[in-house]
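Beneath this line is the structure, given in structure tokens, with notes to follow.
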Amino acid sequence: MTGQGTPFPAADLARPDWTDVCAIARQHAAAVDREGRLPSEALEALKAFGALGLGVPAPLGGGGASTATLARMARDLGAACASTAMVFAMHQNQLACIVRHGGDSPWLLDFQRRIAAEGLLLASVTSEEGTGGRLRTSQCCVEPLADDRFRLTKAGSTISYGARADALLLTARAGPEAHGSDQVLVVLPREAVTLEAYRGWDALGLRGTESCAFHVSGAGDAAQILPVPFGQIAVETMVPNAHILWGAVWLGIAGDVVARTRALIRARMRARSEADDRALPRLAEMNGILQDMDARLRRAIQIYDAGKATLEAVEMVLVKTSLSEMALHVADMGIRIGGFSAYQNTSPYSLGRHLRDLYAAPLMINNEAILADAGRMLLVNRQSAGNFDDEAPLP
């Protein structure tokens, strides 16, 4: 991708028309943002490409794509249209939870086959009114019914692309008597769900995700409940994988900022000879930040793929906070360098949408809350960066 090099392997992403998918997302990005609507054209292109089933294992009909490949795709989409990229990233994160924790459940295995064959789009319903945004707390619960069935109602305070999703993955207490942190993850196909919107989505950025609030009600069989406690799913998969894929989206947005800024500087220098030399150090600094973001993502992917996300919890937590702040800093630098050429929405070098989209990055699971959790972990973990107590003494 222009301005970013090739931070992720491309060997297992050989489909020649991926550039066309990204081009469609880019073509409609401004309209999606302006109208605050779902990127329907890009979603159809993703489905036609087979992108929604790439995370399904190959024996079940999917692409068996690696974490690095999915991150590269999220990055490419981020450079084209942030809303499309976030829908893709959130879908792949939900899919990973099913793939990694569904076990040998016949229902869940068959559902993965459906995702691959039909291009089903998965949405997350982890947020809930009254929980203060805490992922690991639920008020709603799975209510047992006769014949091993259940029903579930939930006030989902933010359900991205919920009206378009083909299935929802909901967190809930394991039963009526369960503690708020005793949670399960439930799969509800759209045909088994009733959605009633009670708050719309008119946001500063990521306007095309349509992250509305819905009252959700549905029923199903016990087989639709993942067999692993949600606490384990969250720690091992949902949180670290989300940080990786979201981070890849932010890297893509920041990369497009650098590409546009570089193009603007070139245009100015052609018109005014050496008049814009003063911007060159800042351009180099912006590119350096991209390289740092890329390195952090590589490291996070290595930890996650090695199954060490729990052991390296602090590092996996901090990858989200650092990447979100670094990307936002790049966008701010681009605006300052570009001046009104970057400030105007009608300019070919406009960065307003990029900046607005990236302001969501520190808020998607608030950075302050994440850093507080990291600080608590460090209180009980003696090892930290720069701690050489167990190393040989310096000469």
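No lab work stands behind these numbers, since they all come straight from the coordinates. Note that the coordinates shown come from a computational prediction; the quantities given were computed from them, not determined experimentally. FYI the Cβ positions are ideal-geometry reconstructions off the backbone, even for glycines, and counts take in every protein chain you see.
Side notes on the structure shown:
- Sequentially through region 200-206, phi angles give Karplus couplings (6.51, -1.76, 1.60; θ = phi - 60°) of x, 9, 10, 10, 5, x, 6 Hz, Gly and Pro residues having no value and appearing as x.
- Between residue 141 and 153, 173, the built amide H atoms are under 5 Å apart, and every one of these is 5 or more places off in sequence or on another chain.
- Only lysines eight or more places from residue 308 in sequence, or on another chain, were considered; those with a Cα closer than 21 Å are 320.
- With K and R counted +1 and D and E -1, the other residues having a Cβ less than 15 Å from that of residue 113 yield a net charge of -3.
- Bridges between two residues of the chain, per DSSP, are antiparallel at a rate of about 85%.
- Sequence ranges 54-62, 325-333, 372-380, ranked by mean other-Cβ count within 10 angstrom, highest first: 325-333, 54-62, 372-380
- Close amide H pairs (under 5 Å, H built 1.01 Å from N) link residue 167 with 121, 123, 190, residues at least 5 positions away or on another chain.
- Listed peptides 352-362, 305-315 by packing density, highest first (mean Cβ within 10 Å): 352-362, 305-315
- Cβ crowding within 10 Å averaged over residues, with 125-137, 86-98 ranked highest first: 86-98, 125-137
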